[in-house]
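I have placed the structure first, in the form of structure tokens, so that the comments after it can refer back to it.
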There are 2 protein chains.
Amino acid sequence: MSKFLKVKTAQQVLALLSEIRPLPSETIPLERARGRTVASDIRAPEAVPHFFRATMDGFAVRAADTFGASENLPALLTTAGEVLMGECAKAPLVPGTAVAVATGGMLPEGANAVVMIEYTQPAGSGVIEVTRPVAPGENLLAPGDDIRMDEKLFERGRLLGPRDIGVLASLGITEIEVFRRPRVALISTGDEIVPVQTHPLPPGKVRDINTFALAAHMEAAGAEIGLRATVPDRLEELVSACLDALPGHDMIVLSGGSSVGTRDYTIKTLERLPDSKLLVHGVAIRPGKPVILGLSGEKVFWGLPGQPVSALITCRVFVAPSLDRLQGRCEAGLRTDGFGTFQAILDRRLPSVHGRTDFIPVTVSIGEDRVVRAVPIFGKSGAISILARADGYVIVPEHAEGYDRGDEVTVHPFV
Amino acid sequence: MSKFLKVKTAQQVLALLSEIRPLPSETIPLERARGRTVASDIRAPEAVPHFFRATMDGFAVRAADTFGASENLPALLTTAGEVLMGECAKAPLVPGTAVAVATGGMLPEGANAVVMIEYTQPAGSGVIEVTRPVAPGENLLAPGDDIRMDEKLFERGRLLGPRDIGVLASLGITEIEVFRRPRVALISTGDEIVPVQTHPLPPGKVRDINTFALAAHMEAAGAEIGLRATVPDRLEELVSACLDALPGHDMIVLSGGSSVGTRDYTIKTLERLPDSKLLVHGVAIRPGKPVILGLSGEKVFWGLPGQPVSALITCRVFVAPSLDRLQGRCEAGLRTDGFGTFQAILDRRLPSVHGRTDFIPVTVSIGEDRVVRAVPIFGKSGAISILARADGYVIVPEHAEGYDRGDEVTVHPFV
């Protein structure tokens, strides 16, 4: 397995994610379905509405009784009571009569249109004048007009939002089959890494940033974080931590170190896991070249750079889409089509290298002129203050040689 | 209090939200800080880095020892061991010597630059050749170069994301003072509304969509949902439900009905709450005109239309910003500046009325030509299928008379 693999492009890595299979499904209550992904197509178990419903305040009538009505020659109809909101009409509509109904109310049998209240006026002794004709079907929803019985509502792969939850509630669907959330183990390694609680910080040491920042990012992408651990940068300890984590997790993310030695450990750790397969060993991007992707059976194994800015960007660019795959989310959803990004004017030249994809952190500002500007942050390598200052990043693609100051660029905001 | 109030514009309503005060703060562990808002400015308790740190793999040197070095005339330096990652340098750097160091490693005392490994080569018997000079400070971070001690990191009002959590972890800040999450009571009313579990649905009735769709939306906006109830459309029952909800909640959202009578009940319910104040009674928007905003002491009271599309749009446009206020989020944050929206070409004419702000649900599609198109959905009033089909909405502002087909418009995606 460990034969040398060529460095891949970012696009090739994303294409390889199709090797990741969605997790099994589970059934959950509707109240907890936001952000979950539908595991099997959902069809409407009933029609909506399931009765003839008024869409305007007015009078339920037989349309034919209003034909020819005008301001000068109104149609005269006898009022025959009212349908109260939420109640059934008590009797069928008798020709030549009109029954008062409010928006959302049920029409009596025999009524086939609603005259808006604006086009009626009382004419004394239980009679109204109708000053405009209505066509059959006007100002009402017939059964199934909104949703047909057995209509496909949501396809497998749909990420459920508040609107969808409203639609499901309207149909009385209170339990949903969704893909299980991926459970992720986060392991930080590196001889310089100490737990975050360490006070004071010894010289030469750095606190463990990545399990915190990556956990927050992955939770936003739908993951549940299980293990969070700092493990010494020694092969046996890394292998043992990963073997322990495998049974209870769907993904292991190992971040840490940037030396050649450590990268070897990541690969060697993967090799020691059962049924392992190396998919990616290095990506032609900056930052983040030493990204590793493998599988242990169906479990996903990522090796990310230890440097926090690189770890967060590679997490967003590669790990988040792999979480989408595990959750069975549609590949062609809004997320991957660039929504959520926005355009800005580049405030500085961005040189790049042909054949490599660059991810440049930027600060975004809006001037008095309302122009959105993206200012690249060229902090010294390893500066964590970049994390605090970057609003997002700009991608300089593989086959571009950079952007000029004043170019319009797409900003990918950080979560 | 109940004197007639003029219908307000959407902008006027948003301006009135400044009357809402942030909730008290609480201290929470860093692991749970994502999506929370900083309640008091956070300053760096220490400098980052707190030691002289290499930003490149190479050799720690005294810069002066490399001055004048070139390919033809390299500087010769004696190697004096290595600083291991995460370890302290054992001894100060002796002039004329070089100590191997990796990226992130600590420099020995007396070193003031790092020569990249690419510009060195072994010259036998513990000597290296340096083929390029380095300036003092090159390829290193001095203490405080990244973050100065006592530097202001995050201001009160900052919404914490994964990056921020990384920065706080690096400084060993494991507990954060944030504004409390708003606790919201959701009450649906209307004589036609029945609980979502109702099977079969009696004619004339509709299941309670709003407590589900609004709850999901408000959770996404940071709220915790407490009470969810369907209450009959009678004043005493509404007042009693609201009085019961007040002590345990920060906000009451009452949705339901669209008749004049019901709207009166909403106002009358507000009047019966302690220390009540009516701020808004009607907004010049479509859909959603009968929006009511009030306060009961510091508690926020919203009356929303019962029709689900109107309820969700008014929730997003008005209630979500009020949740931002309760959470103390900066007013001038990214959210309100239109990020997250995107541009699309309108696929159909959108007429409007001067003096009213229209929110038009749209479906978004991307053609083979990669053009993003927004197609307005003109479903019959009250159709809940609009919820399933709408990817977002387009705003036709107060002082515009609509858009033409082919115009570029801003799409506000639904959550």
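No lab work stands behind these numbers, since they all come straight from the coordinates. Just so it is clear, the structure is predicted and the values come from calculations on it, not from any experiment. So basically every Cβ, Gly included, is an ideal-geometry build from the backbone, and we count neighbours across all protein chains shown.
Compute the orientation-averaged projected area for the protein assembly as shown from the convex hull of its Cα atoms and round it to one decimal in nm².
Values: hull surface 158.1 nm².
With every direction weighted equally, the projected area is 39.5 nm².
How many angstrom lie between the Cα centre of the range A:20-38 and the Cα centre of the range A:159-180?
10 Å
Shortest first and in nm with one decimal, please list how far the B:Leu14 label point sits from its counterparts in the other copies (point 7 Å along Cα→Cβ).
Result for B:Leu14, in nm, nearest copy first: 3.2.
Among B:Lys289, A:Lys90, B:Lys205, what is the fewest-to-most ranking by other Cβ atoms within 10 Å?
On the way: B:Lys289 16, A:Lys90 12, B:Lys205 20.
Result, fewest neighbours first: A:Lys90, B:Lys289, B:Lys205.
When N is the residue count of the range A:69-208, what does its C-alpha Rg come to as a fraction of 2.2 N^0.38 Å? Write down the numbers at each step before the final one.
Values: Rg = 30.9 Å, N = 140, 2.2 N^0.38 = 14.4 Å.
Here the answer is 2.15, to two decimals.
How big is the dipole moment of chain B about its Cα centre under a simple scheme where the beta carbon of each Lys and Arg is +1, that of each Asp and Glu is -1, and everything else is neutral? Debye, nearest 20, please.
Values: 43 positive and 49 negative charges, 379 e Å.
Using Cβ point charges on Lys, Arg, Asp and Glu, chain B gives about 1820 debye.
Note the per residue figure in Å³ for the convex hull of the C-alpha positions in the range A:12-123.
Working: hull volume 23.4 nm³, N = 112.
With only Cα atoms used, the range A:12-123 gives 209 Å³ per residue.
Based on DSSP, what percent of beta bridges with both residues in chain A are antiparallel, to the nearest 5?
On the way: 56 of 83 bridges.
Rounded to the nearest five, the antiparallel share is 65 percent.
Long-range amide H contacts for B:Val127: which residues qualify at under 5 Å (H placed 1.01 Å from N, peptide plane, sequence gap of 5 or more or a different chain)?
Correct list: B:Thr79.
List, shortest first and in nm to one decimal, how far the label point of B:Thr363 (7 Å from Cα along Cα→Cβ) is from its counterparts in the other copies.
Sorted ascending, the copy-to-copy spacings read 4.4 nm.
What does the charge count near B:Gly204 come to, summing +1 for each Lys or Arg and -1 for each Asp or Glu among other residues with Cβ under 10 Å from its Cβ? Could you put the intermediate results ahead of the total?
Working: positive: A:Arg53, B:Lys205; negative: A:Glu87, B:Asp191, B:Glu192.
Residues close to B:Gly204 contribute a combined charge of -1.
What are the residues whose amide H is under 5 Å from the amide H of B:Val353, where those residues sit 5 or more places off or on another chain and H is modelled from the backbone?
Sorted by chain and number, the residues that satisfy this come to none at all.
Along Cα→Cβ at 7 Å, what distances in nm separate the A:Ser40 label point from those on the other copies, shortest first?
With the label placed 7 Å along Cα→Cβ, A:Ser40 yields 5.5 nm.
B:Lys205: which aspartates and glutamates have alpha carbons under 13 Å from its alpha carbon, excluding same-chain residues fewer than 8 sequence positions away?
A:Glu87, B:Asp191, B:Glu192
Just tell me how shielded B:168-181 is by partners: mean number of partner chain Cβ atoms within 10 Å of each residue's Cβ, no decimals. Walk me through the numbers on the way to the answer.
Values: counts 7, 13, 13, 5, 9, 2, 6, 0, 0, 0, 0, 0, 0, 0.
That average works out to 4.
Which of B:Tyr265, A:Tyr119 has the fewest other C-beta atoms within 10 Å, and how do the rest follow up to the most?
On the way: B:Tyr265 21, A:Tyr119 18.
Going from sparsest to densest Cβ surroundings: A:Tyr119, B:Tyr265.
Convex hull over the Cα atoms of the range A:194-289, averaged projected area in nm²? Kindly include the intermediate steps, with their values, before the conclusion.
Numbers: hull surface 30.0 nm².
Taking the Cα atoms of the range A:194-289, their convex hull projects to 7.5 nm² on average.
Convex hull over the Cα atoms of chain A, averaged projected area in nm²?
Working: hull surface 117.0 nm².
So the Cα hull casts an average projection of 29.2 nm².
Using Cβ counts within 10 Å as a stand-in for footprinting exposure, how do A:Lys8, B:Lys268 rank, fewest first? Mind showing how you got there, number by number?
Values: A:Lys8 20, B:Lys268 13.
Fewest to most other Cβ atoms nearby, the residues stand as B:Lys268, A:Lys8.
Just how large is the dipole of the protein assembly as shown about the Cα centre, in debye to the nearest 20, putting +1 at every Lys and Arg Cβ and -1 at every Asp and Glu Cβ?
Working: 86 positive and 98 negative charges, 30 e Å.
Using only the charged Cβ atoms, the result is roughly 140 debye.
Which one of A:Ile225, A:Val371, A:Phe342 is farthest out on the positive end of the charge dipole of chain A, using unit charges on Cβ (Lys, Arg +1; Asp, Glu -1) and the Cα centre as origin?
A:Ile225
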